[in-house]
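Below you will find the structure I want to go over with you.
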Amino acid sequence: MKYLLMIWSNPQTWGHPIFLRTPEAAAMTDDERAGLLRAFEDLMREISESGELVTAQALADPLTARSVRVRDGESLVTDGPFVEAKEQMAGYFVVDCATPERAEEIAGRFPDARFAAVEVRPLMGGSAEDL
Amino acid sequence: MTDDLWRSVTPQVIGALVRRYRDFDRAEEAAQEALLAAAAQWPEDGVPDDPKAWLIRVGSRRLIDGLRSDEARERRELADATRAPADELVAPPPYAVGPGDHDDTLTLLLLCCHPALAPASRIALTLRAVGGLTTAQIAHAFLVPEATMAQRISRAKQRIRESGAEFRMPPPDDVPDRLREVLHVLYLVFTEGHTASTGDELHRVDLTAEAIRLTRQAHALLPDDGEVAGLLALMLLTEARRPARTNEAGELVPLAEQDRSRWDTAYVHEGVALVTDSLTRTRLGPYQVQAAIAAVHDEAPSGAETDWEQVLALYGLLEQLAPGPVVTLNRAVALAMVEGPAAGLAVLDDLEQDKRLARHHRLHAVRAHLLEMSGDTERARESYLLASRLTTSIPEQDHLRRKAEAL
């Protein structure tokens with residue numbers, strides 16, 4: 001079963017890994033920040049080696065986002081993301097794992113989950129869930 | 001070229017290479033390279049007279065090349081003497097494989113489904129080493145990048161190495177339990193193919209056909225194992241309905257409404273014969289019971305003429321042999337058909353206490369169906385809509401929404 005993990009974040013400045021740019025990470029000691037990074041790298045290694053990681057991508061600053069709306073045949077393009085919120089989607093991961101519990105476990109190990117949230121969404125067209 | 005014919009010798013190629021070089025990892029890799037070479041050369045040059053000997057010869061060469069380059073690296077690094085006598089590094093002539101030729105398939109199945117491996121890795125390694133599929137084909141079938149699938153295979157082989165498991169039959173006492181793991185992997189391959197079987201997959205390997213082929217092989221090796229026969233029967237009896245599972249518009253057609261004249265009668269007959277035979281002469285197990293249920297459906301001239309009392313009794317039996325929420329859900333349907341919807345709905349109320357199941361679309365789809373039977377259209381519609389929102393299958397979602405709209 002495949003899941004999209006959406007990394008939501010509210011960084012002070014944009015950059016990756018995004019969790020290091022949050023106010024919470026800025027308030028940490030160097031050791032604590034290094035610990036976050038290590039936890040993230042361990043997670044990446046684990047899900048790559050297990051064959052659970054399908055694909056992943058970091059997103060550019062929402063400042064560069066353009067939202068396109070077509071109304072009455074007229075195209076209206078505005079600057080910025082479609083959803084106005086403090087938290088923005090900073091990147092995504094697609095994982096293929098055995099159970100929804102495992103997907104949630106992976107999500108919970110992203111440092112971002114401590115600051116904003118990691119949203120877990122099943123992908124359509126996946127195989128039936130084994131109960 | 002008949003694809004299946006020569007791929008089925010893959011386990012024997014691996015077996016021959018393991019016996020010669022005592023390295024499962026390299027033998028499996030070399031066999032895969034030999035298969036890739038065959039796929040590239042045979043369409044042009046024609047299939048050799050003895051495909052197996054050809055594959056073993058090419059596999060041996062690849063394996064030795066690998067050993068040699070590793071050896072050269074070690075020499076460079078250690079400035080040490082070669083660790084293997086030169087005569088071990090000469091490609092052997094084509095030869096007939098040693099004893100226990102066809103046992104290799106079973107040995108390999110048991111190794112690929114070793115309990116130390118994660119389920120996804122078992123599936124990947126089984127399809128490659130026993131099925132002879134390429135990593136690319138397997139990746140494509142499961143809609144993941146090749147790198148992801150390659151990782152699952154290499155993780156599987158690493159785990160095998162770490163666990164100390166070897167390419168040989170486990171002790172006899174362990175075989176029954178290990179065989180159950182193999183059957184579960186084959187079952188998962190089948191269901192993956194079954195649920196994915198809609199539309200745009202022109203060049204995708206047919207996992208359903210692959211699962212049936214591998215289970216057939218297992219059944220040929222173990223004709224007296226009732227569960228192997230049961231699983232094969234279950235697959236055939238399910239696959240028999242495939243032509244009727246979707247209509248011309250690509251929409252899902254539920255069992256009760258399927259055009260039974262479109263069912264594959266050869267598969268039905270074979271499946272019924274298999275399960276009948278195994279039920280009379282082998283130890284009972286869950287796959288046989290599931291096959292027996294499928295046989296009751298497949299033998300009914302119409303949905304209305306289904307022998308629900310027998311289905312209910314069989315689900316009761318299955319619940320004892322292999323209890324689980326899906327079995328109970330299915331029993332609730334059978335119970336409703338025999339005693340009326342209220343009895344089935346009472347079972348669902350108990351099941352819904354399970355939080356995980358409460359979010360599962362199957363529970364709500366069944367509830368919707370039973371509410372519809374009882375004439376409570378308003379709540380039936382709500383349940384169909386909720387089920388349609390919870391499923392991750394697009395055809396199923398469309399089907400459930402159509403059911404809601406029809407009320």
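Bear in mind these aren't lab numbers, they're just calculated from the coordinates by the rules spelled out. Remember, predicted model here, so these are calculated numbers, not experimental data. Because the Cβ atoms are built from the backbone with ideal geometry, glycine has one as well, and the counts that use them run over all protein chains shown.
Which percent of the Cα-Cα distances in the stretch A:2-122 go past 26 Å?
Of the Cα pairs, 28 percent sit more than 26 Å apart.
How much net charge surrounds B:ASP25 when only the other residues with a Cβ under 9 Å from the Cβ of B:ASP25 are counted, with Lys and Arg +1 and Asp and Glu -1?
0
How crowded by other chains is A:94-101, given as the mean number of beta carbons from other chains within 10 Å of each beta carbon?
Taking all residues of A:94-101 together, the mean is 3.
Follow-up question, since we're still on this one. Hey, what number do you get for chain A at 222 nm if only DSSP H runs of n ≥ 4 count, each worth -39500 (n - 2.57), divided across all residues, to the nearest 500?
Theoretical 222 nm ellipticity from helices: -8000 deg cm²/dmol.
On to the next question. For Cα pairs less than 8 Å apart in space and 6+ apart in sequence, what is the mean separation divided by the residue count of chain B, i.e. the relative contact order in percent? The partial results should precede the final answer.
Details: 515 pairs, mean separation 37.7, N = 407.
Reported as a whole number, the value is 9 percent.
Sticking with this structure for a sec: Classify chain B as rounded, prolate or oblate from the Cα gyration tensor: take a ≥ b ≥ c as the square roots of its eigenvalues, call it rounded if a/c is under 1.5, otherwise prolate when a/b beats b/c and oblate if not.
Prolate is the answer for chain B, as a/c is 1.5 or above and a/b outweighs b/c.
Using θ = phi - 60° and the Karplus form 6.51 cos²θ - 1.76 cosθ + 1.60, what ³J(HN,Hα) does each residue of the stretch B:301-317 get, whole Hz, x for Gly and Pro?
Once rounded to whole Hz, the list reads x, 8, x, 5, 8, 5, 7, 5, 4, 5, 4, 4, 4, 5, 5, x, 5.
If you don't mind, another one. Can you tally the net charge around B:LEU312? Count Lys and Arg as +1, Asp and Glu as -1, for every other residue whose Cβ sits under 14 Å from the Cβ of B:LEU312. It would help to have the intermediate numbers written out before the result.
Working: positive: B:ARG331; negative: B:ASP307, B:GLU309, B:GLU319, B:GLU339.
Net charge in that neighbourhood comes out at -3.
Which order do A:MET1, A:MET124, B:MET169 fall in if you start with the one that has the fewest other Cβ atoms within 10 Å?
Going from least to most buried by this count: A:MET124, B:MET169, A:MET1.
Show me, for the stretch B:151-167, the HN-Hα J-couplings you get by feeding each phi into the Karplus relation (A = 6.51, B = -1.76, C = 1.60, θ = phi - 60°), rounded to Hz, glycine and proline as x.
Rounded to whole hertz, the list is 5, 5, 6, 5, 4, 4, 5, 5, 5, 4, 4, 5, 6, x, 5, 10, 7.
For a test of the definition: using alpha carbon positions, the gyration tensor, and the 1.5 limit on a/c, classify the protein assembly as shown as rounded, prolate or oblate.
Judged from the Cα gyration tensor, the protein assembly as shown comes out oblate (a/c at least 1.5, b/c at or above a/b).
Straight-line reach only, C-alpha to C-alpha below 15 angstrom: list the aspartates and glutamates that B:LYS157 could link to, leaving out same-chain residues fewer than 8 apart.
A:GLU49, B:ASP23, B:ASP25, B:GLU28, B:GLU29, B:GLU166
Mind listing the long-range amide H neighbours of A:THR55? Cut-off is under 5 Å, sequence gap 5 or more, other chains count too, H placed in the peptide plane at 1.01 Å from N.
A:VAL94
Scan around A:GLY80 for amide H atoms under 5 Å from its own, H built in the peptide plane at 1.01 Å from N, and keep only partners 5 or more places away or cross-chain.
Excluding prolines and chain starts, which carry no amide H, the hits are A:ALA65, A:ARG66, A:SER67.
What is the order of B:TYR287, A:TYR92, fewest Cβ neighbours within 10 Å to most? Walk me through the numbers on the way to the answer.
Numbers: B:TYR287 28, A:TYR92 17.
By the 10 Å Cβ count, ascending: A:TYR92, B:TYR287.
Let me ask something else about it. Order of B:HIS364, B:HIS369 from fewest to most other C-beta atoms within 10 Å?
B:HIS369, B:HIS364
Pairing the Cα long axis of helix B:265-281 with the longest principal axis of chain B, what angle in degrees results, from 0 to 90 and rounded to the nearest 10?
Once rounded, one gets 80 degrees.
Using θ = phi - 60° and the Karplus relation 6.51 cos²θ - 1.76 cosθ + 1.60, list the HN-Hα couplings for the stretch A:10-16 in order, rounded to whole Hz, with x at every Gly or Pro.
10, x, 6, 9, 8, x, 10
GNM on chain B, C-alpha springs below 10 Å: top fluctuator among B:ASP177, B:ASP23, B:ASP259?
Most flexible of the set in this elastic network: B:ASP177.
Given the options B:GLU319, B:GLU74, B:GLU339, which has the most mean-square fluctuation in a GNM of chain B, springs set between C-alpha atoms less than 10 angstrom apart?
B:GLU74
When a/c is below 1.5 the answer is rounded, else prolate if a/b is larger than b/c, else oblate, so apply that to the stretch B:192-283 with a ≥ b ≥ c taken from the square roots of the Cα gyration tensor eigenvalues.
oblate
May I pose another question? Only Cα pairs within less than 10 Å get springs; with that Gaussian network setup on chain B, which residue of B:GLY271, B:GLY285, B:GLY230 has the largest fluctuation?
Maximum fluctuation in the GNM of chain B, among the listed residues, is at B:GLY285.
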